[in-house]
Amino acid sequence: MTETPRSRMSNPVKTLPDLGALTGMLFKVIGNGTVPQSTISLVHLRAGQIVANTYLTTMHTDALRAAGESEERITAVSSWVDALCFTAAERAALALVESVLTAPPAGTERVSDAVFAAAAEHYDEKALTTLVLAISQVNFFIPLALIGKPLPGQAASKQWT
């Protein structure tokens with residue numbers, strides 16, 4: 001008999017009910033309209049790719065498809081540096097998340113002044129803060145995805161044991 005795949009942990013919102021309100025507030029704050037939702041989703045997808053997590057990558061790919069994002073752009077997120085399909089603002093956002101999640105060469109800053117300046121060139125103070133919090137949001141969920149191993153492609157009600 002084949003065993004049904006299961007996540008490692010119980011649904012964290014059932015374990016810690018206040019987590020639902022906290023994550024809801026994060027979504028509300030980040031959804032303030034200063035950064036396009038498509039940019040936030042691209043950043044979240046890139047974060048999932050960087051940490052090599054199928055659950056996050058699948059979830060954010062599905063969200064981008066549902067929002068009508070082109071397959072070309074979804075596929076190009078993994079190689080955004082030389083992809084021609086992203087705006088300068090999107091490229092700055094992708095560079096920012098990549099800098100946060102990728103260890104720099106020894107003796108250099110993780111987020112360089114040049115990466116920050118590029119982001120600041122495209123986003124005003126409120127939008128830049130929103131973008132930083134969008135990166136924080138996905139980073140908030142990375143441990144749950146890596147440790148808890150929710151099931152990729154499963155509905156929220158079915159992704160936890």
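Each reported figure results from applying straightforward, stated rules to the coordinates on display, with no laboratory input. Values in this document were obtained by computation on a predicted structure and should not be read as measured data. Reconstructed Cβ throughout: ideal geometry from the backbone, glycine too, with neighbour counts over all protein chains shown.
Structural remarks
- Cross-link reach list, lysines versus residue 158, counting only Cα pairs under 26 Å and skipping chain neighbours closer than eight places: 14, 28, 149
- Multiplying the residue separation of residue 102 and residue 154 by 0.36 nm and subtracting their alpha-carbon distance yields 15.9 nm.
- Net charge over other residues, Cβ less than 14 angstrom from the Cβ of residue 64 (K, R count +1; D, E count -1): -2
- Among 97, 77, 13, the residue with the largest mean-square fluctuation in a Gaussian network model of the chain, with springs joining Cα atoms closer than 10 Å, is 13.
- Spacing of the two label points (7 Å from each Cα toward its C-beta) at residue 14 and residue 133, in nm: 3.0
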